[in-house]
Protein chains: 2
Amino acid sequence: MEVKVVRNVLDVNAKMAAENRRFFAENGIFVLNVMSSPGSGKTTILEKTLTRIMPEIQSAVIVGDICTTNDADRLSISGAPVVQINTDEFGGDCHLAAHVIENAARQIDLAGLDLLIVENVGNLVCPAEFDIGEDARVVVLSVAEGEDKSVKYPLMFRECQACLLNKTDLLPYLDYDLEKARQYIDQVHPGMSVFETSAKTGEGLDSWISWIRERVAEKAGLQQQA
Amino acid sequence: MEVKVVRNVLDVNAKMAAENRRFFAENGIFVLNVMSSPGSGKTTILEKTLTRIMPEIQSAVIVGDICTTNDADRLSISGAPVVQINTDEFGGDCHLAAHVIENAARQIDLAGLDLLIVENVGNLVCPAEFDIGEDARVVVLSVAEGEDKSVKYPLMFRECQACLLNKTDLLPYLDYDLEKARQYIDQVHPGMSVFETSAKTGEGLDSWISWIRERVAEKAGLQQQA
């Protein structure tokens with residue numbers, strides 16, 4: 001019975017996600033769903049990313065946490081409009097669902113927006129099951145988490161187009177085998193784009209930012225053709 | 001509707017958990033539920049802990065992961081019987097439920113057992129909602145995850161009796177404020193036991209192991225009185 005109900009919840013979510021996707025496409029907005037374990041450094045990654053792509057790429061952020069506005073406070077510094085969702089207000093949800101994104105997007109002025117980044121709740125399991133109407137999904141993994149996370153949480157890695165191996169500044173102090181981590185990722189999702197980054201030092205952010213630029217430009221181009 | 005169903009699932013789980021608790025108490029087994037984000041180092045903590053308490057404290061482990069038997073393979077070295085649960089076999093569950101623990105416990109020879117450790121699925125959200133019939137709950141937090149996890153994931157910290165701030169060997173290379181992390185924890189759960197540990201170097205494990213010893217002895221004493 002539990003499985004049937006979960007299936008139903010996911011079906012309802014899929015419909016809402018399709019509506020979101022249509023809406024964002026009509027407005028030429030590229031939507032990026034950024035997921036990770038707690039404390040992988042995704043907020044710092046996004047702070048640095050926004051500082052470098054704004055105002056050329058007009059961006060906004062929806063950030064999900066169970067509690068606190070810590071992340072929204074940090075992201076606001078970039079100048080991008082930020083909407084904080086606290087899932088504690090509706091039961092402490094472990095993920096962001098499509099209808100939550102729809103509500104949050106209403107609070108943002110979408111005119112002229114190129115990129116909407118959704119920073120999901122820190123959780124390597126449940127968010128991967130919920131389509132929110134995004135164009136691409138990215139998983140951020142701190143190298144302090146060990147090499148085997150892709151094989152232990154395969155759905156997340158199958159569902160994402162790109163992976164950031166973050167906190168590479170810690171590599172000299174860890175017994176971490178980058179090659180092994182990449183092999184595990186390739187085993188779960190062959191051909192996945194993998195970026196080695198340190199949000200702290202800024203190392204490796206160039207190729208990640210190029211990856212975003214290409215996709216935002218492509219989406220804007222598609223809207224102009226339509 | 002979704003909320004009502006979730007409530008129902010939790011009610012069924014609570015009943016099963018009460019049965020587990022009665023069963024473990026009759027057998028004088030102390031049950032410890034160990035939870036954390038992915039990659040906090042809980043398997044290494046448990047490896048080192050088991051090596052030090054075995055065979056004096058007869059221990060067994062139930063370890064939950066969505067996929068792989070990596071953790072069970074590592075824990076087996078300690079000589080403790082280990083049962084690996086892969087939640088991928090029943091939908092990729094993000095937590096261990098009471099009935100799953102009951103099934104797993106059947107695969108272990110419980111005669112003479114003092115301590116059953118459950119290493120839960122790496123997830124700082126959902127496992128906190130599921131009582132499995134344990135005597136105590138512990139959350140392991142890697143210092144690489146940042147100081148604010150307790151305020152961002154308050155249920156987990158309210159539900160646990162102790163917190164291990166792990167990977168302290170990385171502190172010299174992080175901008176991590178231990179005092180601030182402790183203040184945040186105290187804000188969410190005043191008086192919570194906090195241990196600073198490095199599973200890698202073994203630093204700080206003494207007081208953590210004393211904490212376990214006291215509780216196992218107390219449980220065995222209660223059984224003898226009954």
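Here, each number is a calculation from the coordinates, and none is a lab measurement. Treat the numbers as computed from the prediction; the structure is a model and nothing was measured. As a convention, Cβ positions derive from the backbone with ideal geometry for all residues, glycine included, and neighbour counts pool all protein chains shown.
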- Message: How would A:LYS48, A:LYS149, B:LYS15 line up from fewest to most surrounding beta-carbon atoms within 10 angstrom?
- Response: B:LYS15, A:LYS48, A:LYS149
- Convex hull (Cα only) mean projected area of region B:159-208, reported in nm² to one decimal: 3.7 nm²
- Residue-count net charge about B:ASP206 - beta-carbon cut-off 12 Å; Lys, Arg +1, Asp, Glu -1: +1
- Task: Considering the options A:VAL82, B:LEU141, A:THR197, tell which one lies farthest towards the positive end of the dipole of the protein assembly as shown, charges being +1 on Lys and Arg and -1 on Asp and Glu at the Cβ, about the Cα centre.
- Result: A:VAL82
- Query: Among residues other than B:PRO81 whose Cβ falls under 15 Å from its Cβ, what is the net charge (Lys/Arg +1, Asp/Glu -1)?
  - Reply: -4
- Message: Taking a virtual spin label 7 Å from the Cα of B:ASP177 along the C-beta vector, which residues in region B:152-169 bring their backbone nitrogen under 16 Å of it?
- Response: B:152
- Between region B:84-123 and region B:1-74, what's the alpha-carbon centroid distance in Å? 6 Å
- Between A:SER207 and B:LEU110, take the C-beta separation as r, use R0 = 51 Å, and let me know the FRET efficiency to the nearest 0.05. 0.40
- With -39,500 (n - 2.57) per DSSP H segment of 4 or more residues and division by the full residue count of the protein assembly as shown, the 222 nm estimate, nearest 500 deg cm²/dmol, is -13000 deg cm²/dmol
- Message: Taking the alpha-carbon distance from A:LYS180 and a cut-off under 16 Å, which lysines remain once sequence neighbours fewer than 8 residues away in the same chain are dropped?
- Response: A:LYS149, A:LYS152
- Query: Which helices count as membrane-span-like in chain A under these terms: full DSSP H, at least 15 Å along the axis by C-alpha, Kyte-Doolittle mean of -0.5 or more?
  - Reply: A:2-26, A:42-53
- Percent RCO, i.e. relative contact order, over chain A, from Cα pairs under 8 Å lying at least 6 residues apart: 26 percent
- Calculate the dipole size of chain A relative to its Cα centre from +1 charges on Lys and Arg beta carbons and -1 charges on Asp and Glu beta carbons; express the result in debye to the nearest 20. 280 debye
- Message: Only counting other Cβ atoms within 10 Å, I'd like B:LEU124, B:LEU115, B:LEU171 sorted with the fewest neighbours first.
- Response: B:LEU171, B:LEU115, B:LEU124
- The Kirkwood hydrodynamic radius of the protein assembly as shown, taken as the inverse of the mean 1/r over all distinct Cα pairs, in Å, comes to 22.7 Å
- Message: How would B:ASP177, B:ASP109 line up from fewest to most surrounding beta-carbon atoms within 10 angstrom?
- Response: B:ASP109, B:ASP177
- Item | Förster radius 35 Å - calculated FRET efficiency between B:ASN103 and B:GLN223, Cβ distance, rounded to 0.05 | 0.90
- Calculated P(r) of region A:2-219 - Cα pairs past 24 Å, %: 40 percent
- Query: For A:GLY221, what is the net charge nearby, where nearby means another residue's Cβ is under 14 Å from its Cβ and Lys, Arg count +1, Asp, Glu -1?
  - Reply: -1
- Note on the structure: Residues whose modelled amide H sits under 5 Å from the amide H of A:VAL118, counting only those 5 or more places away in sequence or on another chain, are A:LEU32, A:ASN33, A:VAL34, A:ILE62
